[in-house]
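Remarks on the structure that follows.
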Protein chains: 2
Amino acid sequence: MPQHDSTQATVTQQQVARAVAVAAGREPADLLLRNARIVNVITMETCPGSVAVAGPLIAGAGPAFNDSEAITSVDLEGRALSPGLIDGHLHIESSLVTPAAYAEAVAPRGVTSLIWDPHEIANVSGDAGLQWCIRSASGAPMNIWIGLPSCVPSTTLETAGAVLGVDELARLLDNPAVIGVGELMSYPAVIAGDRATLAKAFLGDRHRKVVDGHCPGITGRALNAYFASGVGSDHESTELEEAREKLRAGAFLMIREGSATRNLAALLPLLTPATADRIGFVTDDRLPTDLLREGGVDDLVRKAITAGVAPELAIRAASWNTARYFGLARRGAVAPGYFADLVVFSDLEGFRALDVYRNGELIARNGVLQTRFDPQSGDADAAASAVMNSVKLPDLTIEHLRTPAPVKESEVRCIQPVANQILTREVRLKPTVRDGSIIADPDRDIARLVCVERHGKHGRIGVGLVTGLGIRRGAIAGTVAHDHHNVLAAGISDHDILTAVRRLGELGGGFVVAADGTVIAELALPIAGLLSQRPLAEVESLMRDVDRAAAGLGVSIPAPFMTLSFLGLPVIPELRLTDHGLVDVCAGAVVPLAVEPS
Amino acid sequence: MPQHDSTQATVTQQQVARAVAVAAGREPADLLLRNARIVNVITMETCPGSVAVAGPLIAGAGPAFNDSEAITSVDLEGRALSPGLIDGHLHIESSLVTPAAYAEAVAPRGVTSLIWDPHEIANVSGDAGLQWCIRSASGAPMNIWIGLPSCVPSTTLETAGAVLGVDELARLLDNPAVIGVGELMSYPAVIAGDRATLAKAFLGDRHRKVVDGHCPGITGRALNAYFASGVGSDHESTELEEAREKLRAGAFLMIREGSATRNLAALLPLLTPATADRIGFVTDDRLPTDLLREGGVDDLVRKAITAGVAPELAIRAASWNTARYFGLARRGAVAPGYFADLVVFSDLEGFRALDVYRNGELIARNGVLQTRFDPQSGDADAAASAVMNSVKLPDLTIEHLRTPAPVKESEVRCIQPVANQILTREVRLKPTVRDGSIIADPDRDIARLVCVERHGKHGRIGVGLVTGLGIRRGAIAGTVAHDHHNVLAAGISDHDILTAVRRLGELGGGFVVAADGTVIAELALPIAGLLSQRPLAEVESLMRDVDRAAAGLGVSIPAPFMTLSFLGLPVIPELRLTDHGLVDVCAGAVVPLAVEPS
């Protein structure tokens, strides 16, 4: 098996020596960017000057270099030059594409680095999946560091594809591509002092790396307990005072602007010079359509500037601050000895990238990637099998889906998603029954909901009901189902559910729409059942096709496969369906479909 | 040999678990400091609240804790509570006392941590000396981290007791008490691209630790070359614009207020919120008298506040900023999970410590150390021999000191120290000659100057002349002689020089005043010939005695042994004396006493 160098390979002594020689005038620069307005994110000034590049490094920033001292010289004609942006926290899986394809989309926008918490792939493919993530990240045309997913599985009420304990995480932590431990979402367990969870938080102390946090709405003593554990950041704040309290408690505050959760406007008042060094911008989860339309973390920089934040400070929140929090050596500023991750842009108030350099190399110009990369980087090697063919279904028959009507005609629990949120409600209703079985009833907007364990463990099947989708016939199904990523299918016809689920097995995962016993639209996501191998724009287009096909079946909610993907998430109230069955999240337990008469 | 835990032992998982349990209210705090005004150096606010301490850690900072939740509760009655101060760079050797005695003097002032570059001890005792430093630091009642001396020896024009190459440094760098590489003073070699020197700078990249800098007056391209090497800081700025340029180039700017070099007033305008996170306070070199009178890094905090800097920002420059630059985990702020290094003080505008806690333990109250410690910590073990008995003189006779008069009656070079600086001038004069030998001449204020190699290498002797001391009879001699720390003696009578030098051999080092063939005052510095084993106040008193005795011989400069100690420093212009002979610093070469007729 070939050894892959990690993208994040630290600099060599020879490269440093060359940068010193170029700065001192003994050797020519490889590249001279002159007549620039250099955005200094350290002192928050913009000053005229030149930047000399030697190999992957900035040799000099500011002082005069002559054209004759460089192999290539570019006159920036007074354009702005900033460090490449760093996205401090995201799940690439939300983009439905590989790291390389993600980079192809955001690097031309000036995003040269990101921290990836591959929580979804780890839940499907475990340690082998993480190895694939590290390798595929190293092949992408940007710098990608990995934060190790710390909650695999998220609960004991679901069957994930893998279990990652402290020992598994510890073994990976010394890999230079691994930046630390990703968001420790099990904040109740941390606060409750759960030993195994605290051991994960303690990995930061043991390995001198960061442990990212996730503690929505936590305050006071509980917040102190959470951060006392060693967790260093949080990106879940939605309220200004909540975020302020976290800053005061020592957390690095990540301000998130994702697709569903948009917190920038609410939290921006905290980004003042006094706390300018403790705030970083992150995207967390962005759907293909938002990435194409708005971009990645560059979107936050533009929005912050539009909201009145000084450009130097806005850029700093997406570069220097994040680099320092994570301890990224020689990254995040335009300064001598730093990696030449650079963005040229015209309008200091606008941040629209023209030229983008990474490690001294021009990687994008006018929105188009200039560097060659392998979009399926990492797939060819042996370990790719660990993430391919991940949909291992049981032999399913229509009989498996049958749900006997409750005795005594009692009410049943039904899941109702809340519009524009990932919350669900539990509604109770008298089911429609035929031939002794509960059936879907489009006239009452009640669909059948099925969760099939697909990791080849035991093939357990959970069945329930969902209301509010609007579906009138056929079925929709997908293998993106947070966080266990089993198959989730919703539909009117059990036959169509079966057709859609079986097609997912053939595709190795994705999204499928079936009607009248036939597949009418599909998006294959063969990598762990989560990612496509196609470019982002193609995936976005196919996603619109399956959404349109679902709408043709009557589905009336805007992003039905996203809604579906959260119906199985047993950590957010109220009612969910996993392969264990219906989960009452507040009670933290599996509950029967039928409500027991009290 | 007993294994010493380093002071800096990282926290244990059990301690973290207990802090979490205390914050969450499951276990009582060991200590509750309530009714405090908490100085939050992260957000630069002072807010009322309580601090709960569990073992060495802060469990909670800010939220309410009840008295019943703590084993011990202290009502601070609205007094201020800040993090313990951190001195980012100093040479304990300048205090002439051990780390424990240094701590005894400054810990009651609120200084709970420091970064020690034991450059002087390393020049005498090398690797074994550094091992002693690490051990003796671990026994001190404060947190002491070591920055490895990177220039041992400083030049090839002197004989030091040891040579520390890249390999020796690399072997020590993974010790948790070692914070990184100390000031890389050989900035000309860095800028010139000297391979061995760049290899030292590269240790920071190799070991993920910092490399401190030292580049007085360097600017422009040369400055870029210096910092491109990987050096991360500088503490040698004397001018505002010089310091601003270093900040812009990415350096962590250490503002120094030592005994001789006082830069705080000049550089303080840079300490604004915009650059508030990139500036740290350091003392570098403080003499016993200044430590007793003004204090350590607490002196800079008071002076900054007096000059109008917000107390939160002044304290931050001596805590949080320095902790972050060095990557000191869980240090430098009053926040949950941080080590309980805390200072109670009454007046936010004054910073005069009342109670001082370190790792959760009360170590000082009202200026007096409360904790027991071994002032000679580290001496008892086997390695102490490496720093004791370090004065290994050749057999000296009066004949060794004789200097034949130059032929042709040519002029000779004479060293003239510049008042209140460590610069010297070369003056040329006709020597006074008797019986064919050059002799001292008190009427012309010309004394004999002798440097004797004392590391037991070869016993080489350099002889020269010095003017400007005012000495009229007898001799003074010492084993503190930057950076090689050979014996330096100045006097009128060769017999008294011999008496003083021989006494240094018996004492194992120190300062001696001799007259009429007798020792009339002495301060023993038996640890590496540099440090006393006595408390700071005693050493300061003895130092005044030897200064007074020197004054009795006519010596008219204020701190004659300090002046003497710099007469052998071959890196600062113009003329110096080492065991190699007279060194023309600008020429970088040994020169003869007699000026060649041109």
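The values are calculated or read from the model by the stated rules, or taken from the named source; none is laboratory data. Small disclaimer: the values here were computed from a predicted structure and weren't measured. Glycine gets a Cβ as well: all are built from the backbone with ideal geometry, and neighbour counts include every protein chain shown. We work out accessible area using only protein heavy atoms, side chains counted, and drop any ligands, DNA or RNA first. Shrake-Rupley method; radii C 1.70, N 1.55, O 1.52, S 1.80 Å.
Some values worked out for this structure:
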read-out	value
Residue-averaged 222 nm ellipticity for chain A, from DSSP H runs of 4+ at -39500 (n - 2.57), nearest 500	-7500 deg cm²/dmol
Residue-by-residue Karplus 3J(HN,Hα) for the stretch B:419-425, coefficients 6.51, -1.76, 1.60, Hz, glycine and proline x	4, 6, 9, 9, 5, 10, 10
DSSP-assigned coil residues among GluC sites (Glu not before Pro) in the stretch B:184-292, each with at most 14 further Cβ atoms within 10 Å	B:239
Prolate/oblate/rounded call for the protein assembly as shown, Cα gyration tensor, a/c under 1.5 rounded	prolate
Accessible carbon and sulfur surface of the stretch A:84-327 relative to its total accessible area, %, 1.4 Å	54 percent
Exam field: residue B:458 pseudo-label spacings to other copies (7 Å along Cα-Cβ), nanometres	8.1
Proximal charge balance of residue B:571 [Cβ under 10 Å; K/R count +1, D/E count -1]	-1
Which of A:520, A:58 is most accessible, then next, and so on - probe 1.4 Å	A:520, A:58
Where B:427, A:20 fall by accessible area, highest first, once all protein chains stay in place (1.4 Å)	B:427, A:20
Summed side-chain charge close to residue B:102 - residues other than residue B:102 whose Cβ falls under 11 Å, Lys, Arg +1, Asp, Glu -1	-2
Karplus 3J(HN,Hα) series, Hz, for the stretch A:169-176 with 6.51 cos²θ - 1.76 cosθ + 1.60 (x for Gly, Pro)	5, 4, 4, 8, 5, 8, 5, x
Within chain B: Cβ-based charge dipole about Cα centre, in debye rounded to nearest 20 (Lys, Arg +1; Asp, Glu -1)	460 debye
Residue A:58 long-range amide H proximity, modeled H, under 5 Å	A:337, A:338, A:339, A:340
Cut-off 14 Å between beta-carbons: net charge of the residues surrounding residue A:366, Lys and Arg +1, Asp and Glu -1	+3
Whole-number percent relative contact order across the stretch A:165-290, with pairs defined as alpha carbons under 8 Å at least 6 apart	18 percent
Taking chain B and dividing mean pair separation by its residue count, relative contact order in percent (alpha carbons under 8 Å, at least six apart)	15 percent
Size of charge dipole - the protein assembly as shown - debye, nearest 20, with Cβ of Lys, Arg +1 and Asp, Glu -1, no other charges	160 debye
Cut-off under 5 Å, modelled amide H: who pairs with residue B:210 long-range	B:181
Rough spin-label spacing in nm, given labels placed 7 Å along Cα→Cβ, for residue A:408 and residue A:241	4.6 nm
For the stretch A:252-295, residues shielded by at least 20 square angstrom of accessible area compared with the chain on its own, probe 1.4 Å	A:273, A:274, A:275, A:277, A:278
Accessible surface buried upon B-A contact (total; probe 1.4 Å; Å², nearest 100)	4700 Å²
Distance (nanometres) between label positions extended 7 Å along Cα→Cβ at residue A:421 and residue B:590	8.4 nm
Between the stretch A:92-154 and the stretch B:15-91, the alpha-carbon center distance in angstrom	39 Å
Karplus (6.51, -1.76, 1.60) ³J(HN,Hα), θ = phi - 60°, over the stretch A:239-253, in Hz, Gly and Pro reported as x	10, 4, 5, 4, 5, 4, 5, 5, 4, 4, 7, x, 6, 6, 8
Surface accessible to a 1.4 Å probe, residue B:586 within the full protein complex, Å²	100 Å²
Length-normalised contact order for the stretch A:216-255 - Cα pairs under 8 Å, 6+ apart - percent	47 percent
Shortest-first nm distances, residue A:421 label point to equivalent points in other copies (7 Å, Cα→Cβ)	7.2
Paramagnetic reach from residue A:366 in the stretch A:89-108 [backbone N under 16 Å; point 7 Å along Cα→Cβ]	A:108
The stretch B:66-152: GluC sites (Glu not before Pro) falling in loop per DSSP and having at most 13 other Cβ within 10 Å	B:77
Residue B:27 long-range amide H proximity, modeled H, under 5 Å	B:22
Inter-copy spacing of residue B:67 label points, which lie 7 Å from Cα along Cα→Cβ, given in nm from shortest upward	8.0
Residue order for A:472, B:34 - accessible surface, 1.4 angstrom probe, largest first	A:472, B:34
Å² per residue, accessible surface of the stretch A:84-327 at 1.4 Å	24 Å²
Overall form of the stretch A:84-327 per C-alpha gyration tensor (a/c, 1.5; a/b vs b/c)	oblate
Label point distance in nm, residue A:428-residue A:260, each placed 7 Å from Cα along Cα→Cβ	2.7 nm
Tensor-based shape of the stretch A:401-492 (alpha-carbon gyration tensor, a/c under 1.5 rounded, otherwise prolate or oblate)	oblate
